[in-house]
Amino acid sequence: MPQFYDETASKKSANLSINSDLLKKARSLKINLSATLEHALALKVKQAARKTWLRENKKALKALNELADKNGLFSDLYRKF
């Protein structure tokens with residue numbers, strides 16, 4: 001699976017604001033804030049990159065699908081279903 005960021009890059013401090021009650025509850029549950037945020041950001045980055053790629057390649061994907069509809073697929077000769 002392709003990576004959307006360098007997982008081996010060094011860590012960098014960041015200041016952010018968060019709901020105080022949510023922070024209190026997360027800390028009481030011993031939730032690793034850095035790891036949780038990093039995981040959530042990685043997911044958002046992946047989703048945004050996918051959305052951008054689909055938008056940028058919309059015409060090419062449409063043309064490819066039209067070509068396949070018109071001419072069939074190479075694998076059609078070998079498929080059993």
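Each value in this text was obtained by applying a stated rule to the coordinates, not by laboratory testing. All values reported here derive from a predicted model rather than from experimental measurement. Glycine gets a Cβ as well: all are built from the backbone with ideal geometry, and neighbour counts include every protein chain shown.
Would you mind counting up the charge near GLU66? Only other residues with Cβ under 15 Å from its Cβ, with Lys and Arg at +1 and Asp and Glu at -1.
So the surrounding residues net to +3.
Using the Karplus curve 6.51 cos²θ - 1.76 cosθ + 1.60 with θ = phi - 60°, work out ³J(HN,Hα) for each residue of the stretch 48-57 in order, rounded to whole Hz, and write x for Gly and Pro.
With the stated coefficients, the stretch 48-57 comes to 5, 5, 5, 4, 5, 4, 4, 5, 5, 10 Hz.
What FRET efficiency comes out for GLU56 versus SER10 if R0 is 41 angstrom and r is the Cβ-Cβ distance? Round to the nearest 0.05.
Approximately 0.85, to the nearest 0.05.
What list of ³J(HN,Hα) values in whole Hz, one per residue of the stretch 59-72 in order, does the Karplus curve 6.51 cos²θ - 1.76 cosθ + 1.60 (θ = phi - 60°) give from phi, with Gly and Pro shown as x?
Calculated HN-Hα couplings, in order: 5, 5, 5, 5, 4, 5, 5, 5, 4, 5, 5, 6, 10, x Hz.
Once Kirkwood radius over Cα pairs in Å is worked out from the coordinates, which option in [x] 17.3; [y] 13.4; [z] 12.9 does it equal?
Computed from these coordinates, Kirkwood radius over Cα pairs in Å corresponds to label [x].
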